[in-house]
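The values are calculated or read from the model by the stated rules, or taken from the named source; none is laboratory data. Because the structure is a prediction, the values reported are computed rather than measured. Note that each Cβ is placed from the backbone with ideal geometry, even for glycine, and that neighbours are counted across all protein chains shown.
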Amino acid sequence: MKKILFLSISILLFSSAAFNQVQLTQYFQDGTYYNPAAAGTQEAICASMYGRQQWMGLSDEEGNQIAPMSVVFNLHAPVYALNSGIGLNVVYDKSGFEQNMGVKLNYAYIKTLQDERKSISVGIGVSMLNKTIDYENYILEQPSDPLLQSKQSESGKITDMDFGIQYQDRRKFYAGISGVNLLGSSAEIGNVSYSQDRNVYITGGYYIKVIEKRKQSLYVVPSLLIKSNLVNMQIDISARAEYNNLMAGLSYRYQDAVAVLAGVNLNGFRFGASYDLTTGSLSNASNGSVEIFIGYCHTIRPKVKLNSLYNTRYL
């Protein structure tokens, strides 16, 4: 008996319903996707894009490719006049017979501490998700199921809000916590109610200086991403070495995957790639996951404030 419905729902529960956000191995490349408080904290206009193919080769018994595929675009910049940052996230995600298209606007208030290398920021995000379900491709084990009798694509829109806090000491340490989908909004799509779980994300990283000379630098950077919907939790632990303009490292996602990653920085452009070897329950059906990252940052500095020239020497 065909089990397309069963497989598709299983994938959605594992990859989407549990954490709603796209899963990224190179999460440290651009923190704005998981935390709106990161918008504008880089003193640069930054644009980046992720492309990810999750669980390559995963298909149903009819040979239909049902592995999740995602594209994430991020854009953010500081607004020095307002001690703020603004940002935009655009996400396309396809899992089985479900497609998601989301847009999120981020705003962060950034407080620079006495040491200008350090800052704390508070951010909010407003999102809209358009979810489309292609019921026409579902072959039901119980064709009379009244909830899933639609023979066409059905769509619905879901709006929600995010909130986050981040602290950073540039090139030394950063940590943040955010809550996404705080409203827990839902929409009815083809007689079925779909809701977004409230998720919590905790991120952090520490730069260990090994070598720092004029033309040579080496840092070892352990980092962490914890994801929870207050029922389940997933932990990503990564460690990478950054030597001059090169980067290489390893990552482990608890009960899911081990990953290798590498990257290079060239004149403001950043390129990264990673490959996840699946170790969890899908290891026999998946050929792993591939992720590509491309980013560019154009540094912009705040205007220098002139000190008063009132002095008895000028009288």
Hey, which of the strands (runs of 3 or more DSSP E) in the stretch 155-229, taking only ones fully inside, have at least 2 residues that are under 18 Å from Q26 (Cα atoms)?
173-180, 199-206, 217-228
Checking Y206 against (1) in contact with a Leu (Cβ under 7 Å, 6 or more places away or on another chain); (2) without any contact (Cβ under 8 Å) to a residue 40 or more places away in the chain; (3) over 28 Å from S283 (Cα atoms), only one condition comes out false. Which one?
(1)
Exception for D236 within (1) within 15 Å of Q26 (Cβ to Cβ); (2) out of contact with any Lys or Arg (no Cβ under 8 Å at 6 or more places or on another chain) falls at (2)
Over the stretch 283-299, the set of residues touching a Phe, Trp or Tyr at 6+ places or on another chain (Cβ under 8 Å) and either small (G, A, S) or within 22 Å of A77 (Cα to Cα) (or both) is A285, S286, G288, S289, F293, I294, G295, Y296
Which residues, taken from the stretch 89-129, are among the polar types (S, T, N, Q), part of a strand (DSSP E or B) and out of contact with any Pro (no Cβ under 7 Å at 6 or more places or on another chain)?
N89, Q99, N100, T112, S119, S121, S127
For P78: the one exception among (1) in contact (Cβ under 8 Å) with a residue 60 or more places away in the chain; (2) part of a strand (DSSP E or B); (3) surrounded by fewer than 16 Cβ atoms within 10 Å (Cβ to Cβ):
(3)
Among the numbered criteria (1) surrounded by 15 or more Cβ atoms within 10 Å (Cβ to Cβ); (2) farther than 19 Å from F173 by Cα; (3) in contact (Cβ under 8 Å) with a residue 24 or more places away in the chain, which one does N232 miss?
(1)
Residues of the stretch 95-128 classified as buried (at least 19 other Cβ atoms within 10 Å of the Cβ) and modelled with pLDDT under 90, total:
4
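How many residues are among the β-branched types (V, I, T) and within 22 Å of M233 (Cβ to Cβ) if we restrict to the stretch 245-294?
3
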Does the stretch 173-211 hold any residues that are aromatic (F, W, Y) and surrounded by 15 or more Cβ atoms within 10 Å (Cβ to Cβ), and which are they?
Y174, Y194, Y201, Y206, Y207
